[in-house]
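The values are calculated or read from the model by the stated rules, or taken from the named source; none is laboratory data. Computed from a prediction, not measured in an experiment: that's the story for all the values here. Cβ atoms come from the backbone with ideal geometry, glycine included; neighbour counts cover every protein chain shown.
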Amino acid sequence: MKVLVATDGSEHSMKAVQRALEMAEKQQAQVTLMSVAYYVQGDFDSMPMNIQDKLEDEAREALKKGKSLFDAKGLPVETVLEAGLVPANLIIRKAEDEKFDRIIMGSTGRSGLDRVLMGSTAAKVVAHAPCEVTVVR
């Protein structure tokens, strides 16, 4: 089974990483961790010049954090860093292009306040993904 895990380093996304780790241990799932350096192009006018680098560094840090859990158990894991305007679209495209069997992601991420309802990225992935989606709280 091929599993794509969307992570931004937040509490809920790290729970998704943990769920994928369990699947790798118990079911020999092939896991890919994906982080998206999310930015809104219009924001660049009012932000420092190096904001894209900062956002990409944060995404790299989220991948490193997730990968360390797999490394501690001696389990293989791939990592992918993407950058773009709509994280959900990038996650869906990755799942389609590489024919993943499941996407695992947190119910809410770092953007915005935690809400009772599922975050907008998770909701869009659930609605449009080409495979099963597990949303972790």
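Structure data summary
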quantity	calculated
From Gln52, Gln18, residue being more than 24 Å from Ala127 (Cβ to Cβ), modelled with pLDDT under 95, assigned to a helix (DSSP H, G or I) and not aliphatic (A, V, I, L, M)	Gln52
Yes/no for Lys67 being on the phi > 0 side of the Ramachandran plot and modelled with pLDDT of 95 or more	no
Segment 81-120, residues that are modelled with pLDDT of 95 or more, outside any helix (DSSP H, G or I) and more than 13 Å from the chain's Cα centre (by Cα)	Glu98, Lys99, Phe100, Asp101
